[in-house]
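Presented below is the structure to which this report refers.
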Amino acid sequence: VKEGSSAASGLTYLDHAGATLYGESQIQNAMRQLHLNIYANPHSQSSTSQRTTKEVDDARQLVLKHVNADPTKYTVVFTAGATAGFKLLGECFPWSRKSEFCYTLDNHNSVLGIREYALRSRAHVRVVDEDHPEETLAMLEPTPQAQPAQTAGERKEKEGGGEEDESASRSRTSYCLFAFPAESNFSGRKLPLREYLRDVKSGELPQAWAAADRPVAADGGGKGGVG
């Protein structure tokens, strides 16, 4: 901290997970760029606008490279912060009644806000143990009064006056969302991301969650079995 910002001399700053301090080199570089260049609205065709567009695109590429993400499969959307990003995700995610929002108990507070978007669309919400993500801690069911939120396609169809075929509705792909932190913003603990991603891609976690939802019935011998 002392090397990065002389203003922090004598201070003990503990909120780096939420908002880390800016360094003096960052300020100096930003000021140098503003002195040497004119930046304008990136959505225009002028030379100053194109310069801004290039800077934004370069920043996106740097972020993708930092997280080792394929630019042909992923893009970067800049938001005001984590909370704004989660809100955007909740609003744009294609929820359906067959969707499920799953999250680890130890999570960013703003992740919990996504539950309302899921429940509003009559999707299911699952809370799992971060140490044993295959174990379900709680299930939240949509209330009977919940009004299903319309997707962009459904709104367009309604505006056009058409009705979706029932078989098409049943065959529509349903998407699920699993939220877990790379690092806890409360304790600083880092979760095993590779294991989480491996178990999701292999289907191990979804299968464990589905098995947990099956009813358990007693057989003739009095022993419990999975139905």
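Assuming R0 = 41 Å, what is the FRET efficiency of residue 189 and residue 54, from their Cβ-Cβ distance, to the nearest 0.05?
Computed FRET efficiency for residue 189 and residue 54: 0.60.
Go ahead and run the numbers for FRET between residue 39 and residue 11, Cβ-Cβ distance against an R0 of 30 Å, rounding to 0.05.
E between residue 39 and residue 11, to the nearest 0.05, is 0.40.
If you find the alpha carbon centre of segment 10-75 and of segment 115-133, how far apart are they in angstrom?
A separation of 34 Å, based on Cα centres.
Give the residues of segment 35-60 whose amide nitrogen is closer than 17 Å to a point set 7 Å from the Cα of residue 76 in the direction of its Cβ.
Only 42, 51-60 pass the distance filter.
Round to a whole number: what % of the accessible area of segment 1-148 belongs to carbon and sulfur, probe 1.4 Å?
The computed percentage sits at 56.
Under a point spin-label approximation (7 Å from Cα along Cα-to-Cβ), what is the residue 68-residue 197 distance to one decimal in nm?
It works out to 0.6 nm between the two label points.
Calculate one ³J(HN,Hα) per residue across segment 89-94 by plugging θ = phi - 60° into the Karplus curve 6.51 cos²θ - 1.76 cosθ + 1.60, and present them in order as whole Hz with x for glycine and proline.
With the stated coefficients, segment 89-94 comes to 5, x, 6, 9, 5, x Hz.
Spelling out what I want: for every residue of segment 96-107, take phi, set θ = phi - 60°, compute 6.51 cos²θ - 1.76 cosθ + 1.60 (Karplus), and round to whole Hz; glycine and proline get x.
Coupling constants for segment 96-107: 8, 5, 8, 6, 9, 9, 10, 8, 6, 4, 7, 7 Hz.
Taking amide hydrogens as modeled 1.01 Å from N in the peptide plane, which residues meet the under 5 Å criterion relative to residue 180, leaving out close sequence neighbours?
Counting only residues 5 or more places away or on other chains, the set is empty.
With θ set to phi - 60° and the Karplus curve 6.51 cos²θ - 1.76 cosθ + 1.60, what are the ³J(HN,Hα) couplings of segment 8-14 in order, to the nearest whole Hz, using x for Gly and Pro?
8, 4, x, 9, 10, 9, 10
The values are calculated or read from the model by the stated rules, or taken from the named source; none is laboratory data. Here the structure is a predicted model, which is why all the values come from computation and not from measurement. Virtual Cβ from ideal backbone geometry, glycine too; neighbours counted across all protein chains shown. The area values use the complete protein model at the heavy-atom level, side chains included, leaving out ligands, DNA and RNA. Shrake-Rupley method; radii C 1.70, N 1.55, O 1.52, S 1.80 Å.
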